[in-house]
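Novice: The structure under discussion is supplied below as structure tokens; questions concerning it will follow.
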Ligand code: SDX
């Protein structure tokens, strides 16, 4: 830990003389933590926190979230300033190395990433193994996991050079793999990345171009895509990042760890929510059907949730959602889409929800996924690609958190415990005597 314990907490077991005095360790920002590593030794007990909602699994200097205030900082910089003033690769450099790059550092980093955007020609064959209607996240999970077979040196996670080159390869190649997953699904030829295009521009080029004619990326869409990638880059110890850290704690190679993160992100409660929001808005169909939908959401037996709303940490407006909403209006206006029914439904749904006691009392606000799908749909991305885009962006966060974990001297293999409530010890009765 970077800061020594200033205070302690003592836990005493009622009716006994047993107690544990545990160090309290303050962070730079946000809640302090109680270091419970001695708890079992001193009190013979574990803590219980299903879903780890109150548990700090690591020390990190990368991202800070204040869920009550709706604050998101990357290495101390507010997301609003990064989204407004930086490119995705500047933010990638910040997350990976801890500082925004100088001009020279940025040019060197961008050149390195650009020159790693092609994937091994043998990896192309992995796509052919999938059905054309395979979900892009299934393709990403498979192809990224397979990358470890192409870079055997990457298994030496204790070699700083191997860690850095693996990070560069993952950041550079995810857009190519994601774009090719889309092209494969529509039966179009793969478009190779171009070294004369920027990161977001290249991604849009590979998604939309065809070999039969030139394709020029709309600069407005390139800037919007770059900003969307920034908003999805990292988010503290969310489910998929925690998966990457846990996988990495065993010494698994970074490609396998990121593949595990992709699989985790796919879930509709996590990164799959942007796709689920679009389906929800389409299912609602019109503004006048919103009250019926809201009634269904409030009915516990319906199992219907307002997708794109709520968050494990944010109990205020997700700052990324505000930027996303603004970008949504900008992109639709630039595209000349004055009347987007899904946006009208989304805005009315948000207005109603934010004035409804059910949502207010549960502190449910729009999260990053609520508006992103509308922009991506307007940009021509198919719904099935929304979570793949999230994975492209979050790869930077995953690999930065993985690198930090590997380089943390206090890190050990992750191994949560449990409270056992099953059968007490008993003897096996032979099958012949079991009736
Ligand atoms: C992401 O962790 C991260 O940082 C994730 C992420 C990132 O960048 O990595 O921010 C990305 O995953 C954003 C979240 C995307 N998911 C969704 O939009 C799916 C819809 N949201 C929910 O399923 C839910 O809000 C979660 C999963 C996001 C959070 O769940 P929690 O913290 O476990 O909330 P909860 O289930 O404890 O909810 C508390 C109450 C419950 O009602 P009661 O039992 O108290 O009566 O709020 C209700 C829930 O039923 N509730 C919702 C709701 N979310 C919670 N009710 C209706 N609609 C919702 N969306």
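Novice: Compute the angle between helix 136-146 and the longest alpha-carbon principal axis of the chain, please, reported from 0 to 90 degrees and rounded to the nearest 10.
Specialist: Taking the Cα atoms of the chain, the angle to 136-146 is about 70 degrees.
Novice: Let me make sure I get this right: for the range 17-59, a, b and c are the square roots of the gyration tensor eigenvalues over alpha carbons, sorted descending. Under 1.5 in a/c it's rounded, otherwise prolate if a/b > b/c, else oblate. Which is it?
Specialist: oblate
Novice: Taking neighbour Cβ counts within 10 Å as the exposure measure, how do 91, 429, 313 sort from fewest upward?
Specialist: 429, 313, 91
Novice: Take the alpha carbon atoms of the chain, find their radius of gyration, then divide it by 2.2 N^0.38 Å using N residues; give the quotient.
Specialist: 1.07
Novice: For the range 51-147, just say rounded, prolate or oblate: build the C-alpha gyration tensor, square-root its eigenvalues into a ≥ b ≥ c, call rounded for a/c under 1.5, and beyond that prolate if a/b exceeds b/c, oblate if not.
Specialist: Oblate.
Novice: Note the angle between two axes, namely the Cα long axis of helix 386-406 and the longest principal axis of the Cα atoms of the chain, as a number of degrees from 0 to 90, rounded to the nearest 10.
Specialist: 50
Novice: Return the whole-Å distance between the Cα centroid of the range 26-59 and the Cα centroid of the range 305-366.
Specialist: Going from one Cα centre to the other spans 34 Å.
Novice: Please arrange 58, 257, 328, 86 by counting, for each residue, the other beta carbons lying within 10 Å of its beta carbon, fewest first.
Specialist: Exposure proxy ranking, most exposed first: 58, 86, 328, 257.
Novice: Need one word for the range 258-405: rounded, prolate or oblate. Basis is the Cα gyration tensor (sqrt eigenvalues a ≥ b ≥ c); a/c below 1.5 gives rounded, then a/b vs b/c decides.
Specialist: Note, shape of the range 258-405 comes out oblate.
Novice: Let me ask another. Test of understanding: ordering 60, 384, 19 by Cβ neighbours within 10 Å, fewest first, what list do you get?
Specialist: In order of increasing Cβ crowding within 10 Å: 19, 384, 60.
Novice: What's the angle, to the nearest 10 degrees (0 to 90), between helix 254-265's Cα axis and the longest principal axis of the chain?
Specialist: Long axis of 254-265 versus the principal axis of the chain: about 90 degrees.
Novice: Could you tell me the calculated FRET efficiency between residue 32 and residue 282, based on Cβ-Cβ distance and R0 = 41 angstrom, to the nearest 0.05?
Specialist: Once rounded, the FRET efficiency stands at 0.35.
Only the coordinates and a few stated rules stand behind these numbers; no lab work does. Keep in mind the model is a prediction, meaning the values are calculated, not measured. So basically every Cβ, Gly included, is an ideal-geometry build from the backbone, and we count neighbours across all protein chains shown.
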